[in-house]
1. Identify all residues within segment 14-37 that are on the phi < 0 side of the Ramachandran plot and either free of Cβ contacts under 8 Å to residues at least 40 places away in the same chain or assigned to a loop (DSSP other than H, G, I, E, B) (or both); write none if there are none.
2. For segment 101-112, which residues satisfy the criterion of being surrounded by 12 or more Cβ atoms within 10 Å (Cβ to Cβ) and outside any loop (DSSP other than H, G, I, E, B)?
3. Pick out the one residue from 11, 61, 45, 98 that is under 30 Å from residue 112 (Cβ atoms), outside any loop (DSSP other than H, G, I, E, B) and assigned by TED's automatic domain parsing to the domain that holds residue 119.
4. With 60, 43, 53 as the choices, which residue is modelled with pLDDT of 95 or more and either closer than 15 Å to residue 7 by Cβ or surrounded by 19 or more Cβ atoms within 10 Å (Cβ to Cβ) (or both)?
5. If a residue must be surrounded by fewer than 21 Cβ atoms within 10 Å (Cβ to Cβ), touching a strand residue (DSSP E or B) at 6+ places or on another chain (Cβ under 7 Å) and either outside the structural domain of residue 48 (by TED's automatic domain parsing) or modelled with pLDDT under 80 (or both), how many such residues does segment 195-220 contain?
């Protein structure tokens, strides 16, 4: 199956010489949730702006639904819904009118039943007659999503969709976005919240300084780059790592009170039993045991630092 979005050798250089994108290649599958992670200035918003037709590329091609975003702007724009970072809304208009007007802007015929369903899905139905200035920041962001969905796009871009939103509303929006995926909508989101990507995404893309460092299935990324630790707190400190533990990916903390065994990602697989047996042979008494697995945040930080 052809990708719903295909980006080939995409570059963007501004008039001042700043190169925001450097040969980006990315295929996005229909119906997936793709999270783009990267620090400020990495190129995330520039990439989205070009795909959505809001900025011109310096070179390269972008196809949306098989149409070129530069040569066939009208066809591609109708396939795309965009939720920008900024809360750009008419503060004195009602929720219902704002979302309905957005559908009309894309040349679609009125559809009250659809608008009603979108507002209900986003928990906005009770606020349909409220003016936008009366809503909380989280509710306004939901209105932006409703506006982006009003013309029934096949692709939804979310640029920092939960910035400034409290935890409860953030999780509610995650649920709403997940329901969109179930209807076949392709979702691409940029986020600073690592847990957001870890919770929602099917694939993770990491971008830094205009370069796409990798795009991986989330599960495969965690499996390949994730590491695990077995931490053994000792009842009494030791001055040096016992000889029995050498060669088992075990390190001793500076204060001599903790043994740390690294495993996973090809390091020390299946050696936990050997480590525990070696600890017993060395005559060490264990006070506490804990395990820890690398989070997506750990992986992201290590990737960015490695390319710095």
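The values are calculated or read from the model by the stated rules, or taken from the named source; none is laboratory data. Note that the structure is predicted; figures quoted are calculated from it, not measured. For neighbour counting, all protein chains shown are included, and Cβ atoms are generated from backbone atoms with ideal geometry for every residue, glycine included.
1. Result: 14, 15, 16, 18, 27, 29, 30, 32.
2. Selection gives 101, 102, 103, 104.
3. 98
4. Result of the check over 60, 43, 53: 60.
5. Of the residues in that region, 0 qualify.
Here's the yes/no breakdown for (1) out of contact with any helix residue (DSSP H, G or I) (no Cβ under 9 Å at 6 or more places or on another chain); (2) surrounded by 16 or more Cβ atoms within 10 Å (Cβ to Cβ); (3) closer than 22 Å to residue 188 by Cβ:
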residue: 80; (1), (2), (3): no, yes, yes
residue: 91; (1), (2), (3): no, no, no
residue: 114; (1), (2), (3): no, yes, no
residue: 118; (1), (2), (3): no, yes, yes
residue: 129; (1), (2), (3): no, no, no
residue: 132; (1), (2), (3): no, yes, no
residue: 140; (1), (2), (3): no, yes, yes
residue: 149; (1), (2), (3): no, yes, yes
residue: 155; (1), (2), (3): no, yes, yes
